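In what follows, a structure is listed as structure tokens, so that the remarks can point back to it.
The values are calculated or read from the model by the stated rules, or taken from the named source; none is laboratory data. Not measured: the values here are computed from a predicted model. Please note: Cβ atoms are built from the backbone with ideal geometry, for glycine as well, and neighbour counts cover all protein chains shown.
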Amino acid sequence: MTGFQAVGTNAKFPELEEGILQFWKDNHIYKQSLELRKDGPSFVFYEGPPTANGLPHPGHCLTRAIKDVFPRYKTMRGYRCLRKAGWDTHGLPVEVEVCKELGIHGKSEIEKYGIEPFIQRCQQSVWRYMQEWERLTERIGFWIDLSEAYVTYHQSYIESIWWSLKSLFDRGLLYRGHKIVWWWAQGGTALSAGEVGQGYREVADPSVYVKFPLEEDPSLSLLVWTTTPWTLPSNQFAAVNPDLTYAICSFPEPTALAAGTDAPSTATSNVNANTPAASVDGSRIIVAQALVQSLSDKLKRPLAIDSLISGSELVGKYYKPPMDYYYGKSKAEVGTLKAGGQQRPSWRIVPADFVTIDSGTGAVHMAPAFGEADYDVLNQQKLLFVDGEAPPLICAVDSEGKFTSDCPDYQGIWVKDADKLIVRRLREEGSLLHFEQYVHDYPFCWRAEADPLIQYPRESWFVRTTQFRDSMLENNSKIRWMPEHIRDGRFGNFLASNVDWALSRERYWGTPLPIWVCEATSKMDAVASYDELLKKPGITGTEVWLKAKAANPELVEDLKVHKPYIDAVTYDSPFSKGSRMTRVTEVIDCWYDSGAMPFAQWGYPHKNHEQFADQFPADFISEAIDQTRGWFYSQLAISTMVFGPTPKALAHSLEQIDAQKPTDAPKQNFVQNTDQGQRDFPHPFKNCIVLGLMLAEWYESKDAKQRFLTEEEAKDACGKDYVSKSGKMSKSLRNYRSPNEIFDRFGADALRWYFYANQPPWNSILYSERAIRDSIPEFLLRLWNVFSFFTIYAEMDGFSGPADISAKLDQLTPEELSQSPTYRPIADRSELDRWMLSEVAAATEDVIAKMDSFDSYGACQVISQLVDSLSNWYVRRSRSRYWSSDKKSTDKIDAYWTLYESLLTISKLIAPFVPFMAESIWQQLTKPVGSQVRTSVHLCDYPTADASIVDRQLGVRMKLLREISSIGRSARMEAKLKVRQPLSRVEVTLADATHQTWLKDHDDIAKEELNVKEIQYSSGSSPYVEYVVQPNLRKLGPRVGSMLPKLKAALAKADGATLLDQMTTNGKISLTLEDANGAKSIDLDGEDILVRLQAKEGWAAAQGHGCVVVLATALTEELIQEGIARDAVRLIQDQRKAVGCDFADRIEIGITTASQAIADAINNHKAFIEGETLATRLDVHVVEALPAEDPALQDLGEYPVLLVIKTVSSSASPKS
RNA sequence: GCGCGCGUAGCUCAGUUGGUUAGAGCGCGUCCCUGAUAAGGACGAGGUCCGUGGUUCGAGUCCACGCGUGCGCACCA
């Protein structure tokens, strides 16, 4: 039979954790934990795949910490929670990284380098930081199955995506469209909305006000405003709002106008009918009436309004564009309108209701090639004309963002560089009315920060997500978002303004779009797997991959479904005999990759049908808020489209699509016929914790030249000349410490607890190193000290807990522990023991309730409170019981069992949160029974609370007792009476007599806490206390309403004690209140009032919420002597420690003093002092005077003494 | 510009359905206790709950507007 081993208080948590990690690894604890629950109900968790081609930072730690705690909790609660890791591997970031490595830039250079070697490098590059990621994952204690991670470039993953895309394609949900996209000209690719959003930056662009002269009167011009002068050569329309009123303005001489009789000196928005002003040069402009004033201010010259004209009257007028590259050639062309008649297609004023008077001139230059709204206008205009006579798209810029030969003046010039040239020319030609710099946000490429994006017409593949807007909103409404406001706020808004998903990317490293086109008919076919492709008739091109593989056997097989190998594969067209089917060149947006993860991680539906059925949808996911439009959206969109019902409007068109297919092609509805069929809402996840962003905190020297991560470092280096900063985490600023350093300094548990217990997870969090450090003593160390206390004494006393149990042991549940012959029923133990175990059980109930509703923050607060109760009340109050010399005393054994059981339960309670410390405590606590019990706390069931143990009333009472002690100490402090000095008496006056009897019965504790001989409780009148009767607003508010202020005043005015007497005698208080309508009487019963106590002035008293504690401060000779004796004990104990005595060493004591009072006190309490200090001899010498300067002199109370102690023997017993 | 958060002590943050004296930790100050001791604890100072207006008997909490701040979104022409 072995016992416990004492554990030191100065634990090095990081080292401890490394040991635990090794233990988990050696014993496959994670695997065992899954195995144990293999028949349990499932709790489905999805890992949002991180990208491993960058180093993990503290934000990833938060995500991983939150992701870990719920699966661990659920597993302990009996659920089977698989945790499949995953890696996001495709996309532009990888390509950019490789380009940097190769020192190349842009698509043409990639193609020069060769797509094949480029792809191979991409595939290798994504694993660059794999080890760091795996190390972080493991070190922080995130239990997830890394060995079977899903990887987005794997063939089976890609084939799942292909299957889903085929399903979309076959249902007509995938289409090729001409759209204005945000185009990265240098990179030669469109960017997704999410990517564009990341790259907005504030820049100053040229802002020009340009005249568009009307053909009917060239001296009259529509004035337009644009910040993209380079789009002017491609001008096609000018738009006005037909509902706005426009003003025709001239430019009067400022002086002439000022001299005018009744003319205003500056522009006016009223028509000046009396003074038809003459423009200096005879020219006039048209602007929105509402903007005349602001325009005049901007131009710093007066504008005179000659007349007004409605927008609708302007519509249809022809104008001459400011730059003539197409106008001169085509101005004479006309097109036939569907409605009859003819019209010039371009350079016409058109109506557009999006034109506003928020800024500019109320007239908008339209270059449909370079603006989405402009493009829509063109499409509307096209509809007006008969086929073939509609306006073409005018575009003077090529896909590299350079002017084409259409525009010889600027041919080959990058559009942004042309701005300056164009502005100069406009000025020279007199069409520029005003120029300024305009500061606004403009998107840049998020990877190549110097490259501005331009809007550009591009052929691209789209997914008809707009058709599913309602379904997605419906699904969204079923998701439990934490915080709640995400649902209707950020995410809901995003869904409501959904636009079709621009899916394709004209890039290289990504999932190839599985669509093959017939070279003759342009008809298309989607392919759901590589095998399906191989079975196509007349297939060729697969040898390209085989050759490459033969030449380099190292190539991973997955590359064969990537560019360029897949592009080589062609087959016979089913649409046109003798023609070939060739794959389109695009790859897809990598957000689609991650969003397909719910099924693609299993390779579904090509395999693993059971796994998918079992693991869809997820019960729980969590990522940071930046994933709203990323993974949260892509998952929802894809699952809704692939597994949800097809909207009615679409179902109709599906029949037409089917009708057009070759006869051997599969019909569209195969998706609906899978073994899954339609799924219940919500999918694909039920609960989602949206994490806040993490900001960094750091310090800088005032000259901003030095940066520090802690205040101490800043102080050391700069004295007071430093400032605190906070902001985005930035690799280049190095304003945060790497997670690894945090682990080495403080440990993973400290970091985890900091994340869980410091704020709700959705709050944005300031990554503060000091806060991480501080979370250690607040919780981890406090618990560890209690644990250490237990082991020290248990070892000393030979308490070995469950070692004497002969029955089978497993998890050391209370039932198992109760088999021990020394374990007494809880009901038989002391109040304190019952209280502690009740607190543990109550906390267990609370933690379970909180965790079941995903409130990890709340759960941590409960746990923290519990540990505080254990440390600062239970152990504090029970210390003497462990010191007792009678090792077999029932009380002592009870104390051990109670503490032991509490620690055991706590180790299980904290296991999901701080898995290392939990494990460490569990293993030490189970040492006496070794291999009989589960080897890891993580293999145990989560504790459940025995309701019969929970005594909430006892909890309330103990809290009151703690409050009385606390208030008493406050009173002592006030009276400057240190606790070592015994007092004769305290009087405690309670506001509420309910608990008085109980307190009286248990006042030993308070007596000892306050070091008093007697405690008197009362709740009646007291000379020290004033009573204040206050209304119970919560009860009375609804009843008396507006009379409440009067009632409040009446109670405040009345004497509290009298009111209370009334209440005691009559059971009610009757008040008469004056109202506007006269007097009104109100009866208050006991529940309508609250009694508050206030200590009267002049007493050593202190007040709390429900009680007042008054000290009897008079000291008798006896009390003083006892105080001295306790001082002496303290002095001797210090000395013992100073000379290195062991716990049990016996000593002899000699005290020399000049004070007879000291000598008398010590002699009168000799036995007490000897007992406390393990002294076998205590001599006091009284001398005339002590040598004043002797450094060995110490203060005993008010007098100096000389203290000598000598170790005489060692003993096994600590106290006797 | 629009949308969504946030704004509470020197700092980092809690604050449940509106309710009486707004809390915690750190830091600071004063002190206590001490064989859990390279720990532990108490007490104190410190608050215009961003501002203004409103609803209400009653607002840190609800509403409106404004200011500051963070994030997201674009018809930023």
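Yes/no per residue for (1) near RNA strand B (Cβ under 9 Å from one of its atoms); (2) touching a helix residue (DSSP H, G or I) at 6+ places or on another chain (Cβ under 6 Å):
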| position | (1), (2) |
| --- | --- |
| A:D324 | no, no |
| A:K331 | no, no |
| A:T336 | no, no |
| A:D353 | yes, no |
| A:E389 | no, no |
| A:C395 | no, yes |
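A:P598: within 17 Å of A:W87 (Cβ to Cβ) and either out of contact with any His (no Cβ under 9 Å at 6 or more places or on another chain) or not basic (K, R) (or both), yes or no?
yes
Going through the stretch A:870-890 one residue at a time, which ones are aliphatic (A, V, I, L, M) and within 7 Å of RNA strand B (Cβ to nearest atom)?
Answer for the stretch A:870-890, where residues must be aliphatic (A, V, I, L, M) and within 7 Å of RNA strand B (Cβ to nearest atom): just A:V875.
Do you know which residues across the stretch A:947-961 are among the charged types (D, E, K, R) and in a helix (DSSP H, G or I)?
Matches in the stretch A:947-961: A:R952, A:R957, A:K959.
Exactly one condition in (1) among the β-branched types (V, I, T); (2) away from RNA strand B (no atom under 16 Å from the Cβ); (3) out of contact with any Leu (no Cβ under 7 Å at 6 or more places or on another chain) is false for A:V862; which is it?
Among (1) among the β-branched types (V, I, T); (2) away from RNA strand B (no atom under 16 Å from the Cβ); (3) out of contact with any Leu (no Cβ under 7 Å at 6 or more places or on another chain), A:V862 violates only (2).
Return the pair list, or none, for Cβ contacts closer than 8 Å from residues in the stretch A:523-549 that are within 21 Å of A:E116 (Cβ to Cβ) and in contact (Cβ under 8 Å) with a residue 60 or more places away in the chain to residues that are assigned to a helix (DSSP H, G or I) and of a type in the set (V, I, T), at least 6 apart or on different chains.
These pairs meet every condition: A:Y530/A:V561.
I'm trying to understand the selection: among the residues of the stretch A:359-387, which are of a type in the set (V, I, T) and in a loop (DSSP other than H, G, I, E, B)?
Once the filter is applied, which keeps residues that are of a type in the set (V, I, T) and in a loop (DSSP other than H, G, I, E, B), the stretch A:359-387 yields A:T361, A:V386.
Within the stretch A:714-804, considering only helices (runs of 4 or more DSSP H) that don't extend past its boundaries, which have at least 2 residues that are closer than 19 Å to A:L693 by Cα and near RNA strand B (Cβ under 7 Å from one of its atoms)?
A:769-775
Name, by its number, the condition in (1) within 19 Å of A:A794 (Cα to Cα); (2) surrounded by fewer than 19 Cβ atoms within 10 Å (Cβ to Cβ); (3) at pLDDT 90 or above that does not hold for A:E901.
A:E901 satisfies every listed condition except (2).
Looking at (1) under 46 Å from the mean Cα position of the chain (by Cα); (2) at pLDDT below 85; (3) crowded, with 17+ Cβ neighbours inside 10 Å, can you tell me which one A:D170 breaks?
A:D170 satisfies all of (1) under 46 Å from the mean Cα position of the chain (by Cα); (2) at pLDDT below 85; (3) crowded, with 17+ Cβ neighbours inside 10 Å except (2).
If you take the residues in the stretch A:1074-1085 that are at pLDDT 75 or above and under 55 Å from the mean Cα position of the chain (by Cα), which one is nearest to A:D992 (Cα to Cα)?
Filtering first and then ranking leaves A:D1085.
Between A:Q1030, A:Q1016, which is outside any helix (DSSP H, G or I) and within 11 Å of RNA strand B (Cβ to nearest atom)?
So the residue among A:Q1030, A:Q1016 that is outside any helix (DSSP H, G or I) and within 11 Å of RNA strand B (Cβ to nearest atom) is A:Q1030.
Could you grab me the full set of residues in the stretch A:974-1013 that are out of contact with any helix residue (DSSP H, G or I) (no Cβ under 8 Å at 6 or more places or on another chain), farther than 26 Å from A:V956 by Cβ and without any contact (Cβ under 8 Å) to a residue 60 or more places away in the chain?
Listed by number, the list holds a single entry, A:K976.
Residues to consider are A:E700, A:E623; find the one that is at pLDDT 80 or above and within 16 Å of RNA strand B (Cβ to nearest atom).
A:E623
Does A:N498 qualify as being under 26 Å from the mean Cα position of the chain (by Cα), more than 16 Å from RNA strand B (Cβ to nearest atom) and at negative phi?
When the stated conditions are applied, A:N498 does not pass them.
Does A:E35 count as closer than 25 Å to A:L925 by Cα and within 16 Å of RNA strand B (Cβ to nearest atom)?
no
Can you find a residue in the stretch A:844-855 that is of a type outside the set (D, E, K, R), away from RNA strand B (no atom under 15 Å from the Cβ), within 17 Å of A:D946 (Cα to Cα) and free of Cβ contacts under 8 Å to residues at least 12 places away in the same chain?
Looking through the stretch A:844-855, none of the residues is of a type outside the set (D, E, K, R), away from RNA strand B (no atom under 15 Å from the Cβ), within 17 Å of A:D946 (Cα to Cα) and free of Cβ contacts under 8 Å to residues at least 12 places away in the same chain.
Any idea which of (1) away from RNA strand B (no atom under 13 Å from the Cβ); (2) free of Cβ contacts under 8 Å to residues at least 60 places away in the same chain; (3) of a type outside the set (V, I, T); (4) in contact with a Ser or Thr (Cβ under 7 Å, 6 or more places away or on another chain) is the one A:E519 doesn't satisfy?
(2)
Test of understanding: among A:E1172, A:E1148, A:E1184, A:E1198, which residue is closer than 25 Å to A:E1117 by Cα, surrounded by 12 or more Cβ atoms within 10 Å (Cβ to Cβ) and of a type in the set (D, E)?
A:E1172
Condition check ((1) among the hydrophobic types (A, V, I, L, M, F, W, C); (2) under 25 Å from A:K850 (Cβ atoms); (3) surrounded by 17 or more Cβ atoms within 10 Å (Cβ to Cβ)) across all residues:
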position	(1), (2), (3)
A:K25	no, no, no
A:H28	no, no, no
A:P50	no, no, yes
A:G54	no, no, no
A:G59	no, yes, yes
A:T63	no, yes, yes
A:P71	no, yes, yes
A:G78	no, yes, no
A:K100	no, no, no
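Filter the stretch A:31-88 for residues that are touching a strand residue (DSSP E or B) at 6+ places or on another chain (Cβ under 8 Å) and without any contact (Cβ under 8 Å) to a residue 24 or more places away in the chain and give the result.
none
So, in the stretch A:563-620, how many residues would count as being aliphatic (A, V, I, L, M) and in a helix (DSSP H, G or I)?
The total comes to 5.
Here is a check on your reading of the model: is A:W545 in contact with a Lys or Arg (Cβ under 6 Å, 6 or more places away or on another chain), modelled with pLDDT of 90 or more and crowded, with 20+ Cβ neighbours inside 10 Å?
Yes; evaluated as a whole, the condition is true for this residue.
So which strands (runs of 3 or more DSSP E) are wholly in the stretch A:1083-1170 and hold at least 3 residues that are farther than 24 Å from A:S984 by Cα and within 14 Å of RNA strand B (Cβ to nearest atom)?
A:1089-1095, A:1146-1153
Scan the stretch A:496-538 for residues that are within 17 Å of A:K563 (Cα to Cα), touching a strand residue (DSSP E or B) at 6+ places or on another chain (Cβ under 8 Å) and either surrounded by fewer than 16 Cβ atoms within 10 Å (Cβ to Cβ) or among the polar types (S, T, N, Q) (or both) and report the count.
Residues in the stretch A:496-538 being within 17 Å of A:K563 (Cα to Cα), touching a strand residue (DSSP E or B) at 6+ places or on another chain (Cβ under 8 Å) and either surrounded by fewer than 16 Cβ atoms within 10 Å (Cβ to Cβ) or among the polar types (S, T, N, Q) (or both): 2 in total.
With respect to A:L473, determine if the residue is away from RNA strand B (no atom under 13 Å from the Cβ), without any contact (Cβ under 8 Å) to a residue 60 or more places away in the chain and of a type outside the set (F, W, Y).
yes
Residues are listed down the side, and each one gets a yes or a no for (1) within 40 Å of the chain's Cα centre (by Cα); (2) surrounded by fewer than 20 Cβ atoms within 10 Å (Cβ to Cβ):
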residue: A:E816; (1), (2): no, yes
residue: A:M836; (1), (2): yes, no
residue: A:S856; (1), (2): yes, no
residue: A:Q861; (1), (2): yes, yes
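Can you tell me which residue is farthest from A:L92 (Cα to Cα) among those in the stretch A:103-131 that are out of contact with any helix residue (DSSP H, G or I) (no Cβ under 8 Å at 6 or more places or on another chain) and of a type in the set (S, T, N, Q)?
This residue is A:Q131.
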